[in-house]
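Asks: Once you've had a glance at the structure underneath, I'll fire off some questions.
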Amino acid sequence: MSFARTLLRVKPAEQLADDGSHTQLRRTLGLVPLVALSVGATLGTGIFVVLAEAAPAAGPAVVVSFVLAGLAALCSALSYAELAGSVPVSGSAYSYTYATLGELVAWICGWCLLLEYGVSVAAVAVGWGGYLNEFLQGTIGVTIPDILAAPPGEGGVVNIPAALIVLLAMFVLLRGVRESARVTTITTLLKIAVLVFFVAVAITAFNSDNMTPFAPYGFAGISVGASAVFFSFIGFDAASTAGEEARNPKRDLPRAIILSLAIVTAIYVLVAFAAVGAVGVDVLSGSNASLATALRIVTGQGWASVVLAFGAVIAIASVVLTVLYGQTRILVSMSRDGLMPSMLSKVNQRAVPARNTIVVGVVVALLAAVVPLNQLAEATSIGTLVAFSLVNIGVLVLRRTRPELSRSFRTPLMPWIPLLGLALCVYLIFGLDVVTWVTFAIWTAIGLAVYFGYGRRKSKLNGSGPAAG
């Protein structure tokens, strides 16, 4: 097989599905745990953490930024839903791309997903420390000093709370997927209740003056805000990583993906509207625990912000847990295909990829400890947008090359929905900062070096896989 053809070889959907059907992972997840996993990986990231980062760019129109990001996510989610029902394995966008666009593109997609998941866990963990301090201040009157609770460049030396929450999530995952799913479901219900509580209280102080000027920087500001918050919509992607642990993946994965995105988008928009209307953009922009600060101002008392901060501590911890889970399962698929070391796909007696989980947990904990939040959030956004773009292309390619393939869900309005999803993703990519592009270019270059130095030679398709074209 020529060098060029090895880069274009695809892994047929049937072969991917067969790998998934013989998995050592346990099929224990039904629809409710899958929705909880999806919502749990999403709800909290954008509202509890990134709202303060996006509000200065978009102004009160940050509400529209969430709608725009949600629309881009919906188009991509419909493409995800079709591919999840056709190729129900743990690799998410990586596996879907492998079945449609070839090995090199699949590797790039998988490498982007590693950036997306790993850095988003670190970003959320950094935000978790702010709410932990808010909770400690409101209950026992002490806080963790900045030198131990903030990264270099933000007044600290190392963010110990951020590292600890990642390591705690790692230990929960090591106990098994059923136990992790139970924790995720409970914490997801709790965070929804806390955010409903926030909306009910904040809306009583709504002041229309806080909504003007609505879009001080025009549509450009809205777009920048949408690009910054887009990574908070990656929850449905996490659901698709559970393809080999779902009891009925062809039926339940598409449903979980669409249901979770609808729930999350509605809550994001309501909370952003209530927060901006109650206290204004300047207050939200000046706090690492913006929603708790808003409640303290609205009520004039500390108890409401303590309730919110407690809910955020639990809720954001569940995001760390579920997204960390997703990253380990993508590595399982890449390892099983030979593109990563085989130890990353080996499971223990609890059906957990233990070595994989420990490696991911330690690396992400180190990231969370020393990298500032804004750099983490934007690096996650570009990895997410690239992966989503490839999924939208992949669903179009698979419809053309494999029209006879069994699909439990079909994306409506083909080809317009995937094309719109692709266009919106590309548009949002160009709204990201130059530094983010440079970081992504360096990450991609490292990934290509790893692929050509290791993955291409070790690929399980060597000598046996069909090539595209």
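Only the coordinates and a few stated rules stand behind these numbers; no lab work does. Keep in mind that this is a model prediction, so the values were computed, not measured. Reconstructed Cβ throughout: ideal geometry from the backbone, glycine too, with neighbour counts over all protein chains shown.
Asks: Quick one: which residues, 5+ away or cross-chain, put their amide H under 5 Å from the amide H of Leu29? H built at 1.01 Å from N.
Replies: Those qualifying (amide H under 5 Å, at least 5 residues apart or on another chain) are Ala246, Arg247.
Asks: Something else about it: Explain nothing, just the number: dipole magnitude of the stretch 5-138 about its Cα centre with +1 on each Lys and Arg Cβ and -1 on each Asp and Glu Cβ, in debye rounded to the nearest 20. Present the calculation step by step, with values, prior to reporting the outcome.
Replies: On the way: 5 positive and 8 negative charges, 42 e Å.
Dipole about the Cα centre, nearest 20: 200 debye.
Asks: Taking the mean number of other Cβ atoms within 10 Å as a proxy for protection, how do you rank 74-83, 352-361 from highest to lowest?
Replies: 74-83, 352-361
Asks: Residue by residue, what Karplus-based ³J(HN,Hα) values in Hz, rounded to whole numbers, does the stretch 280-285 have, using 6.51, -1.76 and 1.60 with θ = phi - 60° and x for Gly and Pro?
Replies: x, 5, 4, 5, 5, 6
Asks: How high is the relative contact order of the chain, given as a whole-number percent (alpha carbon pairs under 8 Å, six or more residues apart)?
Replies: On the way: 955 pairs, mean separation 159.4, N = 469.
Once normalised by length, the contact order is 34 percent.
Asks: Give the peptides 193-203, 427-437, 271-281, 87-97 in descending order of average Cβ contacts within 10 Å, highest first. Can you show the working numbers first?
Replies: Values: 193-203: 18.2, 427-437: 16.5, 271-281: 23.7, 87-97: 30.1.
Going by the mean number of other Cβ atoms within 10 Å, highest first, we get 87-97, 271-281, 193-203, 427-437.
Asks: Divide, for the stretch 75-194, the radius of gyration over alpha carbons by 2.2 N^0.38 Å, where N is the residue count.
Replies: 1.38
Asks: Classify the stretch 200-352: rounded, prolate or oblate, from the alpha-carbon gyration tensor (a ≥ b ≥ c, eigenvalue square roots; a/c under 1.5 rounded; otherwise prolate if a/b is larger than b/c)? Walk me through the numbers on the way to the answer.
Replies: Details: a/c = 2.58, a/b = 2.08, b/c = 1.24.
Verdict is prolate for the stretch 200-352.
Asks: Just name one of Ala193, Val435, Ala93: the one whose Cα is farthest towards the positive end of the charge dipole of the chain (beta-carbon charges, Lys/Arg +1, Asp/Glu -1).
Replies: Checked the options; the winner is Ala93.
Asks: Going by a ≥ b ≥ c, the root eigenvalues of the Cα gyration tensor, does the stretch 416-457 fall in the rounded group (a/c under 1.5), the prolate group (a/b larger than b/c) or the oblate group?
Replies: Oblate, because a/c is 1.5 or more while a/b does not exceed b/c.
Asks: So if I average 1/r over every pair of distinct C-alpha atoms in the stretch 213-259 and take the inverse, what Kirkwood radius in Å does that give?
Replies: 12.9
Asks: Let me ask something additional. Taking amide H positions as placed 1.01 Å from N in the peptide plane, with prolines and chain starts having none, which residues 5 or more places from Asn348, or on another chain, fall under 5 Å of its amide H?
Replies: Hits under the 5 Å cutoff: Ala354.
Asks: Once you wrap a convex hull around the alpha carbon atoms of the chain, what is its projected area averaged over all directions, in nm²?
Replies: If I average the Cα hull's projected area over directions, I get 20.2 nm².
Asks: Could you give the size of the charge dipole of the chain about its Cα centre, using +1 on the Cβ of each K and R and -1 on the Cβ of each D and E, expressed in debye and rounded to the nearest 20?
Replies: On the way: 28 positive and 21 negative charges, 366 e Å.
Charge dipole, the chain, about its Cα centre: 1760 debye, nearest 20.
Asks: Further, regarding this structure: State whether the stretch 379-465 is rounded, prolate or oblate according to the following rule on the C-alpha gyration tensor (a ≥ b ≥ c being the square roots of its eigenvalues): a/c under 1.5 gives rounded; otherwise a/b larger than b/c gives prolate, and the remaining case gives oblate.
Replies: Since a/c reaches 1.5 but b/c is at least a/b, the shape of the stretch 379-465 is classed as oblate.
Asks: Tell me which of Phe233, Tyr80, Ser65 sits at the most positive position along the dipole axis of the chain, charges placed on C-beta atoms (Lys, Arg +1; Asp, Glu -1).
Replies: Tyr80
Asks: Sort 416-425, 401-410 by the packing proxy (mean of other Cβ within 10 Å over each peptide's residues), most packed first.
Replies: So the order, starting with the most tightly packed, is 416-425, 401-410.
Asks: Pick out, from Leu396, Tyr268, Val121, the residue whose Cα sits farthest towards the positive end of the charge dipole of the chain, with +1 on the Cβ of Lys and Arg and -1 on the Cβ of Asp and Glu.
Replies: Ranked along the dipole, the leading option is Leu396.
Asks: How large is the dipole of the stretch 215-278 about the Cα centre if only Lys and Arg carry +1 and Asp and Glu carry -1, each at its Cβ, rounded to the nearest 20 debye? Walk me through the numbers on the way to the answer.
Replies: Details: 4 positive and 4 negative charges, 38 e Å.
The calculation lands at about 180 debye.
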